[in-house]
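Right, one structure below, let's go through it.
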Amino acid sequence: MKLTLSLIKADIGAVGGHVRPSEALLKCVKEFVANEGSELLIDHYIGFCGDDIHILMTHEEGTNDKKIHGLAWEAFKTGTEVAKSQGLYGAGQDLLKDSFSGNVKGLGPGVAEMEFEERPNESFLMFAADKTEPGAFNLPLYFAFADPVYCPGLLLSPSLSEGFTFSIMDVNYTKGDRIVKLSAPKDLYDIAALLRDNHRYVVESIHNTKTGEQAVVCSTSRLHNIAGKYVGKDDPAMLARAQQAFPATGEIVAPFEIGHFVGGLCRGSHNAPLMPVKKNSQVAYFDGPPLVQALAFSVKNGKLTEPADIFDHPYWDWVRDKISAKTVEMRRQGFSGPAMLGFEELEYGGITERLERLDTKFTVKKER
Ligand code: F6R
Ligand code: MG
Ligand code: MG
C-alpha cells in the first residue's frame, strides 16, 4: 500500500515557562485527534519533546493533504484553549496565523511528511527536538548518509553502494522553497560546504540515489520568516526510514553520540551540544539543553507498533553525562565569543537596540 507518514508539531503552551506541556493539554490533543481523526487516520502517536507536542499520523491521503493538516491545526487550536484556561506559558505560541487555508506550512507548526510504498517490514525513526533549530540535523544526517565511518553500509551493502542524494534548502530565502540536490559521494564537499552553516542551509530530504526511494524528511520552517520577527527557535522534527535500501537504525542514531554544538538553549541565543534524551523529556537546565528524541517504529498496513525509545539505554546515560560536562564547559564563558550565537540569530533584537544606542556614544580619539 501507499502509506503517508505525517509528523506535525507545535508549541502551544507549557508549564512553568517553556518546560513541557501539561497533562491536561496533552489529554486534550490526544482526545481530539482520536475522536476527529478516527475515520481519516489509520493510526497515530502523540508525545512531547520539551514544550513541543508532536502528532505522528499514518494515512493514505498523501502529503500536504488539507484534511490531515486541518486535523492537526484544529487539535492545536483546541489545545490552545486548554493551555489558556490553565494559564500555561506561551499558549498558542506557534500558531502564528489566525485562519487555516488548507496547509499548516507557513502557519507556524513544523511539518515532516513522506509518502511511500510500505515495505513488508517497514521500519522508521521519528526524531523530535526542542530548544534548537532545523540545521541541528545537518551533521548527524551527513554522517549517517554520506560517511562510511558512521555508515559502514555504504561500503558493505550493495543497495547503498551508489549513496544518497541530499535535497538542501536555503531557509533564508522567503519567496518559496529554494532547494539544491546534491549526491554523495560525488558532491560530498559541496554538501559539506552548505551543511556547515546550520542557520542557513538545512537538509530537507534524502533519497537513495540508486532506487530513488525517500529515506528522510525534515521540518524546515523558519518561524521568524513567517512572523516577520523573531518568535523563537523552530524546534525541528524528522522522519527517517531504516534498513535495507537505507542505513540501519544503528547507523542513523550513531552520530547523535557526538553531542555537536547547535544553536539554541536559553533564549534561543546560545551554542550548546545537542543531548539525546528519552521520550517525553522536559527541559531541565538553562531552558535546555537542546534536546533530541528518537523513537523507532514498525508499521504494517499503516498500523504502528509501540515506539522503541532508542535513547533510553545505559549507553546513552554515559553519552548524556559527557554532553552535560561539555554544556557546562561552554556555559562557563557566558556571553563571550562562541558561547552565544551571532547577531542575526539572537532572539528578541534587544542587543541590536543596545548596540545602536551605544554606537552614538562612541567618539573618535584625537591624536595629540
Ligand atoms: C528558548 C526558549 C526560552 C525563552 C526564555 C524567555 O527557545 O524558549 O529560553 O526564550 O524562557 O522566554 P520569554 O521571552 O517568553 O519570557
Ligand atoms: Mg516555547
Ligand atoms: Mg520548543
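The values are calculated or read from the model by the stated rules, or taken from the named source; none is laboratory data. The structure displayed is predicted, hence computed values, not measured ones. Glycine gets a Cβ as well: all are built from the backbone with ideal geometry, and neighbour counts include every protein chain shown. When the accessible area is computed, the model is the full protein with side chains, heavy atoms only, and any ligands, DNA or RNA have been set aside. Shrake-Rupley method; radii C 1.70, N 1.55, O 1.52, S 1.80 Å.
Some notes on this structure:
- Label-to-label distance, R196 versus S324, with points set 7 angstrom from Cα along the beta-carbon direction: 3.4 nm.
- The P(r) of segment 121-353 has a tail past 31 Å containing 21 percent of all C-alpha pairs.
- Per-pair calculated FRET efficiency, R0 = 22 Å: K67 and S99 via Cβ, rounded to 0.05: 0.85
- Of the solvent-accessible surface of the chain, computed with a 1.4 Å probe over protein heavy atoms with every protein chain present, carbon and sulfur atoms account for 52 percent.
- Cα-Cα pairs of segment 1-117 separated by more than 23 Å (percent): 23
- Relative contact order [Cα under 8 Å, 6+ residues apart], the chain, whole percent: 19
- Solvent-accessible surface (1.4 angstrom probe) belonging to H44, in square angstrom, nearest 10: 60
- Lys pairs under 20 Å by Cα in segment 15-88, provided they are eight or more residues apart or on distinct chains: 8
- Reciprocal mean inverse distance between Cα atoms of segment 132-218 - Kirkwood radius, Å: 13.0
- Segment 80-143 - Kirkwood radius from inverse mean 1/r over Cα pairs (Å): 15.4
- Net lengthening on full extension, T352/F286 (0.36 nm per residue, minus Cα-Cα): 21.5 nm
- Helix runs (DSSP H) in the chain reaching 24 Å along axis by Cα, Kyte-Doolittle at least -0.5: 66-85
- Net +/- balance of residues flanking P140 in space, Cβ distance below 11 Å, scoring K and R +1, D and E -1: -3
- For segment 296-363, the list of chymotrypsin sites (Phe, Trp or Tyr not before Pro) that fall in a loop by DSSP and count at most 16 other C-beta atoms within 10 angstrom reads F335, Y348, F362.
- Under the Karplus curve 6.51 cos²θ - 1.76 cosθ + 1.60, θ = phi - 60°, whole-Hz ³J(HN,Hα) for segment 256-273, x wherever Gly or Pro sits: 6, 5, 5, x, 6, 6, 10, x, x, 6, 5, 6, x, 10, 10, 9, 8, x
- Projected label distance in nm at E36 and K303, using a 7 Å step from Cα toward the beta-carbon: 2.7
- Taking packing as the residue-averaged number of other Cβ atoms within 10 angstrom, the listed peptides 256-268, 131-143 run from highest to lowest as 131-143, 256-268.
- Hits among aspartates and glutamates - C-alpha to C-alpha of K278 under 13 Å, sequence gap 8 or more where chains match: D130, D309, D312, D317
- Averaged per residue, the chain has 45 square angstrom of accessible surface, using a 1.4 angstrom probe with ligands and nucleic acids left out.
- Tail beyond 13 Å, pair distance distribution of segment 313-368 (Cα, percent): 75
- If you count Lys pairs in segment 132-252 whose Cα atoms are under 23 Å apart, skipping same-chain pairs closer than 8 places in sequence, the total is 4.
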